[in-house]
Amino acid sequence: MMIGSLLVTVLLAGSPLKLNGDNISQIVNELTTEEKAALLVGSGAKAFTGVGYTTLYVKGAAGTTHPVERLGIPAIVLADGPAGVRIDDRPCTKFPIGTSLASTWNPSLVEEVGEAIGNEVLEYGVDVLLAPGINIQRNPLCGRNFEYYSEDPLLAGKIAAGYIRGIQSQGVGTSIKHFAANNQELNRLYLDTRVSQRALRELYLRNFEIAIKESDPWTVMTSYNYINGTLAAENHDLATGVLRDDWGYKGVVMTDWAAGLYSDKMVASGNDMIQPGNDDHYKRLVKSVNDGSLPMSAVDTAVTRLLRLIVKCPRFKGYEYSNKPNLEKNASVARKAAEEGIVLLKNDSESLPLAPESKIALFGVTSYEFITGGTGAGNVNGSYVINLKQGLSDAGFGLDKATDDFYNDCLKYEKFNTRRINSKFNQWFVDAERPAEALPSKAVLANAAKEADKAVITIGRIFGEGKDRLYQFSYLLSADEMRLIKEVSAAFHAEGKKLIVVLDVGGIVDMTAWQDMADAVVVSWLPGCEAGHAIASVLSGEKTPSGRLPMSIPVSYYDDPTAGTMPQILTDKPVNYSFYRPAPIGVTKRYDLENIDYVNYREGVYSGYRYYVTDKVRTAYPFGFGLSYTEFKYSGMTVEDAGEDYVVNVTVENTGKYSGKEVVQIYVKAPGKDMDKPARELKGFTKTGNLAPGQSQTVEVRVPKSLLASYDESRSGWATEKGTYSIIAARNAEVPVLVKKVKIATPTFTPTGNYLAADPLFIER
């Protein structure tokens with residue numbers, strides 16, 4: 001027996017060493033310095049046919065790692081998200097954008113979306129989806145707001161956690177991004193975000209902290225920008241201090257594509273994967289290890305974490321992907337999410353829902369050529385799009401033929417118009433220009449007003465990575481759009497008929513100049529492939545709108561506390577400013593152009609609704625706002641001290657005539673004696689089930705006591721002061737309904753590392 005055991009041991013010792021889940025440390029010791037460096041550096045630009053498109057393994061994926069075949073280490077494939085899988089040559093489901101998902105205020109539904117996306121990730125041979133993007137929507141003009149969730153970190157973190165759990169339930173990974181304070185596209189590679197430790201911790205990191213602790217994403221992606229003078233991709237305080245030491249994260253950290261400058265600094269800071277990587281990255285790593293400037297221990301730690309990721313991936317496990325995900329089921333999930341993310345902003349005189357079999361005059365080129373998603377990393381190669389015309393027709397509504405004919409002719413012309421030619425300004429992430437807005441003749445318009453029951457106008461905005469929006473040309477409606485709304489409104493109101501405006505947008509637009517001319521306003525966001533069906537189901541009353549705003553809409557853009565910190569480049573040319581660099585060639589940094597070379601977050605923690613509520617600045621529509629076709633009554637609020645949490649119970653009754661869902665939002669007003677505090681902050685929320693008229697539901701919302709703390713920079717930690725706290729059940733940030741008070745008798749303090757200190761030049765509010 002002993003001889004047999006010895007023989008087995010000898011045979012195993014002579015067998016080729018191959019990676020498995022139990023021998024990672026042995027594999028690390030076996031790897032050469034060169035192999036370790038290759039593992040930590042991506043497949044490189046040579047594998048690409050263009051920015052973000054690799055030719056290896058899965059065409060159109062964002063990148064891969066290097067294999068080490070002798071040790072059984074395969075390459076893994078990384079693909080862009082977050083509104084579905086971004087690859088080539090295969091039909092993928094276009095899901096609603098991040099802002100739309102957040103507008104559901106329903107993490108469980110978003111988890112379903114994640115499961116559906118994860119199915120396509122798995123069956124198309126991808127190992128890690130580079131999503132979700134959860135940066136705070138600090139300013140309305142950020143070009144990537146459509147990918148992000150909210151101006152509030154709690155809502156963003158909870159929605160992201162649901163998304164991550166859903167995707168990773170399918171045995172594939174996610175990469176939560178962009179870590180951190182990546183809130184501007186202009187000069188995004190070189191911009192220095194100057195922000196206080198408190199604002200960082202309470203707003204721009206808390207979203208990540210919530211999502212990471214509740215869902216454990218396989219990877220985290222660092223951002224392009226500098227944070228208080230140090231590149232995020234080379235920031236030890238960020239990737240090691242906050243993420244690993246303070247939060248206990250164990251997964252892989254990777255760079256964004258072409259982020260950072262020096263590979264040795266990236267690895268030393270805590271990045272385990274450099275993407276897409278190049279020869280210089282590889283050579284610098286090898287040289288730095290060999291000359292002792294980069295400890296081998298740092299490299300081994302990174303390689304160990306990367307191998308732990310690889311052994312979890314489908315490609316390592318030998319999964320035989322089908323190239324046949326359940327697209328039909330996934331499309332139904334996309335539609336469900338789109339419906340629940342639609343926000344009804346205005347509904348005068350019960351203009352909605354539409355009466356069955358109404359005849360609709362459909363205006364606006366976007367009604368016929370719908371925008372379903374953003375561009376760049378948020379783009380998806382979808383197989384189909386349901387526009388609003390088709391959606392209304394499928395729902396049984398008649399369409400005014402003369403109006404329909406007019407727009408069909410317009411779009412035929414526009415397809416050959418120079419407006420549709422792709423820009424020559426290196427817009428590799430931005431689609432062709434949108435068709436010009438058009439208005440039918442007065443005769444067609446007058447006839448439509450007589451023949452149709454109601455008018456519907458769709459206003460569209462395409463959003464993309466690589467550039468921020470322009471106030472004049474994106475936030476404000478154009479002269480043609482204003483003329484369209486004005487003339488259609490006048491014609492239909494003269495006949496005693498209503499106008500509904502649908503906003504097919506990735507972020508907010510100005511409302512004040514035109515909303516009085518509309519009887520109802522519906523925000524669909526960019527709702528994915530089932531756009532037309534989803535919107536029609538809400539307009540018809542098949543679904544009662546239950547979406548709520550994940551951001552505030554100001555009366556004027558310049559009411560926003562961050563308005564003065566976004567550069568206003570007044571041009572109608574779609575120039576890609578992503579890599580804009582005002583400094584001379586060879587100069588890596590300088591600090592002379594405010595809001596371009598650097599930006600001061602002067603507003604501190606008073607961003608979004610925290611500012612509007614505290615300073616009593618009126619909004620057009622507050623954070624958390626959204627109308628319904630029915631009415632809800634709140635009652636029976638209780639607050640129980642459950643140790644680490646306050647447990648809030650509220651009874652919600654549907655007192656209206658339609659079935660519907662209500663979002664219960666729980667805000668807290670802290671004493672604010674020891675530290676300056678916003679007047680109200682979101683600390684919990686939940687969504688009811690679909691309540692029939694007369695039906696009620698008692699909902700429970702848990703408010704962790706840790707969320708009542710503010711970050712004390714002087715002591716480097718979270719401080720909860722003693723005193724009376726108001727716990728508020730509200731319909732939105734500005735409309736409290738029920739209030740209960742609790743007292744905290746003893747202050748608490750939880751220390752953290754002293755990380756990410758602000759530049760001495762930082763200017764506080």
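Throughout, read-outs are computed from the coordinates displayed, never taken from laboratory work. For clarity, every value in this text was computed on a predicted model and none was experimentally measured. Because the Cβ atoms are built from the backbone with ideal geometry, glycine has one as well, and the counts that use them run over all protein chains shown.
Brief remarks follow.
- The lysines whose alpha-carbon is closer than 29 Å to the alpha-carbon of Lys740, local same-chain residues fewer than 8 away aside, are Lys158, Lys213, Lys616, Lys633, Lys661, Lys669, Lys673, Lys677, Lys683, Lys687, Lys705, Lys722.
- Simple spin-label estimate for Lys250 and Ala298 in nanometres, 7 Å along Cα-Cβ: 2.5 nm
- Separation of segment 216-279 and segment 77-101, taken as the distance between their Cα centroids, equals 24 angstrom.
- For segment 145-233, a simple Cβ point-charge model (Lys and Arg +1, Asp and Glu -1, everything else neutral) yields a dipole of about 140 debye relative to the Cα centre.
- Charged neighbours of Ala518, selected by a Cβ distance under 10 Å, balance to -1 (K, R count +1; D, E count -1).
- Each residue of segment 92-107 was assigned a 3J(HN,Hα) from its phi angle through the Karplus curve 6.51 cos²θ - 1.76 cosθ + 1.60 (θ = phi - 60°); the sequence is 10, 6, 7, 8, x, 5, x, 4, 5, 4, 5, 5, 6, 6, 9, x Hz, with glycine and proline shown as x.
- Estimated inter-spin distance, Tyr558 and His236, nm [label 7 Å along Cα→Cβ]: 4.6 nm
- Taking 0.36 nm per residue of separation and subtracting the current Cα-Cα distance, fully stretching the chain between Asn381 and Ser322 would add 19.4 nm.
- As a rough footprinting exposure proxy, the listed residues Val605, Val737 were ranked by other beta carbons within 10 Å of their own, and the order from fewest upward is Val737, Val605.
- Packing-based order for 614-621, 536-543, 276-283, using average beta carbon neighbours within 10 Å, highest first: 536-543, 276-283, 614-621
- Cα-based reach from Lys497 at 27 Å (exclusive), listing lysines while leaving out same-chain residues under 8 positions away: Lys346, Lys359, Lys389, Lys401, Lys442, Lys450, Lys454, Lys486, Lys543, Lys657
- Length-normalised contact order for segment 342-551 - Cα pairs under 8 Å, 6+ apart - percent: 37 percent
- Segment Phe473-Thr746, extension gain: residue separation times 0.36 nm, minus the distance between their alpha carbons: 93.0 nm
- Residues whose amide H comes within less than 5 Å of that of Ile360, counting only those at least five positions distant or on another chain, are Gly398, Leu399, Asp400, Asp453 (H built at 1.01 Å from N in the peptide plane).
- Beta bridges per DSSP, both residues in the chain: antiparallel share near 60 percent.
- 0 to 90° range, to nearest 10: angle between helix 479-494 axis and the chain longest Cα axis: 40 degrees
- Packing, as the average of other Cβ atoms within 10 Å across residues, places the peptides 594-603, 264-273 in the order 264-273, 594-603, highest first.
- Peptide ranges 467-479, 206-218, 126-138, 165-177 listed from the most packed, as the mean C-beta count within 10 angstrom indicates: 126-138, 165-177, 206-218, 467-479
- Near Ser223, once Lys and Arg are set to +1 and Asp and Glu to -1 for all other residues with Cβ below 9 Å from its Cβ, the sum equals +1.
- The chain: angle of helix 279-290 to the longest principal axis, Cα-based, in degrees nearest 10: 40 degrees
- Structure-based [θ]222 nm, the chain - -39500 (n - 2.57) summed over DSSP H runs of at least 4, per residue, nearest 500: -7500 deg cm²/dmol
- Gyration tensor verdict on the chain (Cα atoms; rounded if a/c is under 1.5, prolate if a/b is larger than b/c, oblate otherwise): prolate
- Centre-to-centre separation between the Cα atoms of segment 601-630 and those of segment 726-761: 16 Å.
- For Lys36, the aspartates and glutamates whose Cα comes closer than 12 Å to its Cα, not counting residues fewer than 8 places off in the same chain, are Asp272, Asp300.
- Inter-part distance, segment 676-714 to segment 301-342, computed on C-alpha centroids, equals 31 Å.
- Model label points for Glu542 and Glu34, set 7 angstrom from Cα along the Cα-to-Cβ axis, are 6.2 nm apart.
- Global geometry of segment 346-418, whether rounded, prolate or oblate, following the gyration tensor of its Cα atoms and the 1.5 cut on a/c: oblate
- Relative contact order of the chain, pairs being alpha-carbon contacts under 8 Å that are 6 or more residues apart, as %: 15 percent
- A Förster radius of 35 Å, combined with the Cβ-Cβ distance separating Lys633 from Asp516, puts the computed FRET efficiency at roughly 0.75.
- Principal-axis tilt of helix 296-310 within the chain, Cα atoms, nearest 10 degrees: 50 degrees
- Over segment 615-765, Cα pairs under 8 Å with separation of 6+ residues give a relative contact order of 23 percent.
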